[in-house]
Amino acid sequence: MIRERHLFGPGPSNPYPEATRALAEPLLGHLDPEFLRIMDETCEMLRTAWGTSNARTLPLSATGSAGMEAAFVNTVHPGDVVVVAVNGLFGQRMTDVAARCGAEVVSVDHEWGQPVDVDRVLAAHPSPAIVAAVHAETSTGVRSDIAALGAGLRAQGADALLLVDAVTSIAGIELRADDWGVDIGYAGTQKCLGVAPGLAPFTINDRAFARRVERPRSWYLDLGMLGGYAGEAGVKDGGAGQRTYHHTAPTAMVASLHAGLTRILDEGLEAVWARHQAAGDALQSGLEEMGLELFAAQGHRLPELTTVKVPDGVDSAAVRRELLERHGIEIGAGAGAYAASVWRIGLMGRNARPDAVLLVLAALRDVLGR
């Protein structure tokens, strides 16, 4: 978090005060019984956030990109067919990671700004091992229908595992991993969870775990070893405080995530989703009233991350710089081919509130002269 600056980009959100204070608490050892209690409670709260009962739900000790790698490296066997729905930068990254794991990748490409076409994805291959998609595409501000994708796989009687990127969706919009048939999911802490970047909330169900790679290419991300360390399935070797040792966990980050999740669940997960929706609706209406054009397809826009087309003749970088220097507001540039033609404005975590909407709209009006 940058002091005295408002972060409305797609990157780190201002953490909740509780999460920030937790980072400043005296450090606990990674095998301290008090830390193990915090870890267990954090895993349980993550199950609620994911909408799952999966025993193997834990915060991986790395950012969301490592969550992506853990998802693929533990489940892709050489030669497996992996169908990836690509409608933005992070779908593209999925294809790269899957290929590095030895998969035969079938990329189902979409126009950026559009949601995943479920029928096209389901028809892409008759018997894939894995179907992967991004729930909330951070590069475009688009929500895709993961519930329909999971239902389609079940209706086909497909044996494919459903692997989902929920980095920008967890604790921001509805997410029900078990109900939707999600087998493997990964997320990040720095978006709607409102915690500093550094952990990857991860979940994998029994069906996917039974099909895992026994000796994955990554030792650090080997879920067979990580699970016991995090107390997966009640593994406690020899009594309280004794776990399978794997690595030195970032104890302050886990404590911060614990505090952030406590705050979210105290408010109520559905109330948090509604708060994000209200803030996003207000921002998007205000931008359109200013004459700005939204980028993501109508009906599929994320409330927590709004993408806006940069007006003709406007220098995107200059506007972003002026917002930061004059108003202390940071918004993000676009991604890929849209780096200079799209802005990304995030209202995530504690920034999903009416005063933040008014602040960013007023600043944009000032800088753009509208």
* To do: Specify which of the listed residues (358, 287) is surrounded by fewer than 18 Cβ atoms within 10 Å (Cβ to Cβ) and more than 22 Å from the chain's Cα centre (by Cα).
  => 358
* Asked: Among the residues of the range 145-172 satisfying the criterion of being out of contact with any Gly (no Cβ under 9 Å at 6 or more places or on another chain), in a loop (DSSP other than H, G, I, E, B) and at negative phi, which is surrounded by the most Cβ atoms within 10 Å (Cβ to Cβ)?
  -> 169
* Please tell me if residue 59 is at pLDDT below 95, buried (at least 20 other Cβ atoms within 10 Å of the Cβ) and farther than 28 Å from residue 124 by Cα. => no
* State whether the residues of the range 113-127 include one that is in contact with a strand residue (DSSP E or B) (Cβ under 6 Å, 6 or more places away or on another chain), without any contact (Cβ under 8 Å) to a residue 60 or more places away in the chain and of a type in the set (Asp, Glu). => no
* Which pairs have Cβ atoms under 8 Å, sit 6 or more apart or on different chains, and link a residue in the range 303-314 that is in contact (Cβ under 8 Å) with a residue 60 or more places away in the chain to one that is surrounded by fewer than 24 Cβ atoms within 10 Å (Cβ to Cβ) and of a type in the set (Val, Ile, Thr)? -> 303/173; 304/173
* Keeping to the range 281-301, report how many residues are in contact (Cβ under 8 Å) with a residue 40 or more places away in the chain, over 20 Å from residue 358 (Cβ atoms) and in contact with a strand residue (DSSP E or B) (Cβ under 6 Å, 6 or more places away or on another chain). => 3
* Residues being loosely packed, with under 13 Cβ neighbours inside 10 Å and not in a helix (DSSP H, G or I): count how many of those fall in the range 307-322. => 3
* Residue check: is residue 346 touching a residue at least 60 places away in the same chain (Cβ under 8 Å), touching a Leu at 6+ places or on another chain (Cβ under 7 Å) and surrounded by fewer than 16 Cβ atoms within 10 Å (Cβ to Cβ)? -> no
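Only helices (runs of 4 or more DSSP H) wholly contained in the range 178-294 count here; list those with 1 or more residues that are more than 27 Å from residue 331 (Cα to Cα), assigned by TED's automatic domain parsing to the domain that holds residue 70 and at pLDDT below 95.
Values: elements: 206-210, 223-229, 251-267, 269-289.
Correct list: 223-229, 251-267.
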* Asked: Looking at (1) crowded, with 19+ Cβ neighbours inside 10 Å; (2) part of a loop (DSSP other than H, G, I, E, B), which is the one condition that is false for residue 78?
  -> (1)
* To do: Run residue 341 past the list (1) outside the structural domain of residue 171 (by TED's automatic domain parsing); (2) among the hydroxyl-bearing types (Ser, Thr, Tyr); (3) touching a residue at least 40 places away in the same chain (Cβ under 8 Å) and report the number of the one that doesn't hold.
  => (3)
* To do: Take the range 98-112 and flag every residue that is surrounded by fewer than 21 Cβ atoms within 10 Å (Cβ to Cβ) and either under 17 Å from residue 216 (Cβ atoms) or in contact (Cβ under 8 Å) with a residue 60 or more places away in the chain (or both).
  => 99, 100, 102
* To do: Evaluate the range 127-142: report whether one residue or more is hydroxyl-bearing (Ser, Thr, Tyr), out of contact with any helix residue (DSSP H, G or I) (no Cβ under 7 Å at 6 or more places or on another chain) and over 16 Å from residue 80 (Cα atoms).
  => yes
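The values are calculated or read from the model by the stated rules, or taken from the named source; none is laboratory data. Small disclaimer: the values here were computed from a predicted structure and weren't measured. So basically every Cβ, Gly included, is an ideal-geometry build from the backbone, and we count neighbours across all protein chains shown.
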